[in-house]
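The structure appears below as structure tokens.
The values are calculated or read from the model by the stated rules, or taken from the named source; none is laboratory data. Here the structure is a predicted model, which means the values were calculated and not measured. FYI the Cβ positions are ideal-geometry reconstructions off the backbone, even for glycines, and counts take in every protein chain you see.
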Amino acid sequence: MAILSTLTGSEVAIAIGASAKNKVGVTVTLQHQDRWFLFSGDMLDASGESVWITYPQSDHGPGEYEFSPGQRVGVTFRSGYQRFLFSAKIASVEESGTRALQLDMPEEMQIAERRAAPREEMPALATVEASIWLGGQQIMPDKVDMITPVWPGTVVDLCEGGCYVRTSPEVSQYIETGDVVGLQLVIGEGEGSERVITDAQLCRSDPEGEMLMVGLQFIENDESEQAYEVYQKIKAKLREF
């Protein structure tokens, strides 16, 4: 499983500049009417305080979506074996020549790297059930429906930075590496169970027979518990098994 580290300042400009020079593909995420959508495009240019990407096209989003200046989007791109992720505000929509979005150069960017934290072995009798949905814990659905699908899964291992979950292969149709998801973990059963809800980021996905294995990195923000606290709460509950 991968973990995320942060690039800042000139490191960001160098990484984005090199990718723009090679016209690498990007995935753009946007929250629209309480849902998250994915778009695809290409890097065009990077200079000074701006980044240009081709006007994003939707595979299964809200049709011909019209982006507007001031909106904030998430951008993910791959360079070699590394995947970079950043959030940026749309500065303008370029209509002349190649249709494109001009984005503000981000002040920081995350890079997916191999796991540094040790893996916690799951006790044989322990059950940690997971629920995953796109968009983060703030839009946690009240129930499973066709508008905001929730995918059940089972945690097969975890570390201080995240966990590895066996879930439905349908997840890969909606969620890509770098996307933010809401994650609920339920440790144990009945009245003695422990529930943890946090934000996470998809770091990798691997087919396993008829199922899909997904690596999720805990995200630390004002709404989520700190990754260390999430890990310690789960680990403490697992000691009961």
(1) surrounded by fewer than 20 Cβ atoms within 10 Å (Cβ to Cβ); (2) in contact (Cβ under 8 Å) with a residue 12 or more places away in the chain; (3) not aliphatic (A, V, I, L, M) all hold for Arg195 apart from (2)
Got a sec? Which of Leu30, Leu38, Leu101, Leu85 is among the hydrophobic types (A, V, I, L, M, F, W, C) and either loosely packed, with under 15 Cβ neighbours inside 10 Å or modelled with pLDDT of 90 or more (or both)? Leu101
Restrict the check to the stretch 151-168 and report whether at least one residue is modelled with pLDDT of 85 or more, assigned to a loop (DSSP other than H, G, I, E, B) and in contact with a strand residue (DSSP E or B) (Cβ under 8 Å, 6 or more places away or on another chain). yes
Determine the pairs where a residue that is on the phi < 0 side of the Ramachandran plot and among the acidic types (Asp, Glu), located within the stretch 207-228, has a partner that is surrounded by fewer than 20 Cβ atoms within 10 Å (Cβ to Cβ) and at pLDDT below 60 with Cβ atoms under 9 Å apart, the partner being 6 or more residues away or on another chain. Glu220/Gln226; Glu220/Tyr228
